[in-house]
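K.L.:
One structure is given below, represented as structure tokens, and several questions about it will come after.
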Amino acid sequence: MEAHVGDRIVVRSTHQGEPDRIGEVVECHEPGGGPPYRVRWEADGHVGLFFPGGTVTVLHAAGSQS
């Protein structure tokens, strides 16, 4: 998985009725865009270190490095 600052991370829910989690990549720890990422989550503005799993999609921002 590759993401860059400004890209959006979508974590698909694995439980019926639970919403997807959506956040924005605010920092990448690997120069090539590899994880982990520092993400600001839309629901509450919490910023945390994120290691992606199998239900994650990256929506690349216009002009991102990917």
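The values are calculated or read from the model by the stated rules, or taken from the named source; none is laboratory data. Quantities reported herein were computed from a predicted structural model and do not represent experimental measurements. Note that we place each Cβ from the backbone using ideal geometry, even for glycine, and neighbour counts take in every protein chain shown.
K.L.:
In the range 3-12, is there at least one residue being without any contact (Cβ under 8 Å) to a residue 24 or more places away in the chain and either in a strand (DSSP E or B) or surrounded by fewer than 16 Cβ atoms within 10 Å (Cβ to Cβ) (or both)? Walk me through how you get there before you give the answer.
P.N.:
Our first condition is that a residue be without any contact (Cβ under 8 Å) to a residue 24 or more places away in the chain; within the range 3-12, this holds for none.
No; the residues of the range 3-12 include none that is without any contact (Cβ under 8 Å) to a residue 24 or more places away in the chain and either in a strand (DSSP E or B) or surrounded by fewer than 16 Cβ atoms within 10 Å (Cβ to Cβ) (or both).
K.L.:
Could you tell me which residue of the range 51-64 is surrounded by the fewest Cβ atoms within 10 Å (Cβ to Cβ), considering only residues that are in contact (Cβ under 8 Å) with a residue 40 or more places away in the chain and assigned to a loop (DSSP other than H, G, I, E, B)? Show your work before the answer.
P.N.:
We begin by selecting, within the range 51-64, every residue in contact (Cβ under 8 Å) with a residue 40 or more places away in the chain; these are 52-53, 55-61, 63-64.
After this cut, where a residue has to be assigned to a loop (DSSP other than H, G, I, E, B) as well, the list is 52-53, 55, 60-61, 63-64.
Numbers: PRO52: 17, GLY53: 10, THR55: 12, HIS60: 16, ALA61: 16, GLY63: 7, SER64: 16.
The selected residue is GLY63.
K.L.:
Something else now. Which of (1) surrounded by 13 or more Cβ atoms within 10 Å (Cβ to Cβ); (2) assigned to a strand (DSSP E or B) does GLY48 not meet, given it meets every other one?
P.N.:
Just one mismatch for GLY48, condition (1).
K.L.:
Can you tell me which residue among VAL56, VAL47, VAL26, VAL11 is touching an Asp or Glu at 6+ places or on another chain (Cβ under 8 Å) and modelled with pLDDT of 90 or more? Before the answer, list the steps.
P.N.:
Values: VAL56 fails: touching an Asp or Glu at 6+ places or on another chain (Cβ under 8 Å); VAL47 fails: touching an Asp or Glu at 6+ places or on another chain (Cβ under 8 Å); VAL26 fails: touching an Asp or Glu at 6+ places or on another chain (Cβ under 8 Å).
So the residue among VAL56, VAL47, VAL26, VAL11 that is touching an Asp or Glu at 6+ places or on another chain (Cβ under 8 Å) and modelled with pLDDT of 90 or more is VAL11.
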